[in-house]
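Coordinate-derived values only; no laboratory data. Worth saying up front: this structure is predicted, and the values here are computed from it rather than measured.
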């Protein structure tokens, strides 16, 4: 059974870990926002970034899922417009976002 000292250390680490997840998701969204080709997508990603920065950690899963859906739509739009460079950039960012969200278990809930 863990002693009280180890429990105190664990409780102290949790807020930092949750803040890290918020910050990392916001960073991934900032990258996606900079890659957005259209104003509507840019505004939508910006709002999700604000949500990631201001929402409680329990809401990050929903933000991540919305971000992945938006990234998918952005990629399809770039593909339909024949913009290979934007498509390539957005898919790379979307893949990193998916990998982060999966590893952080944001998509489990």
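General remarks:
- Cα Rg, Dmax, the stretch 4-103, angstrom units: 15.7, 60
- Applying 0.36 nm per residue to the separation of residue 47 and residue 65 and subtracting their alpha-carbon distance, the gain on full extension is 5.1 nm.
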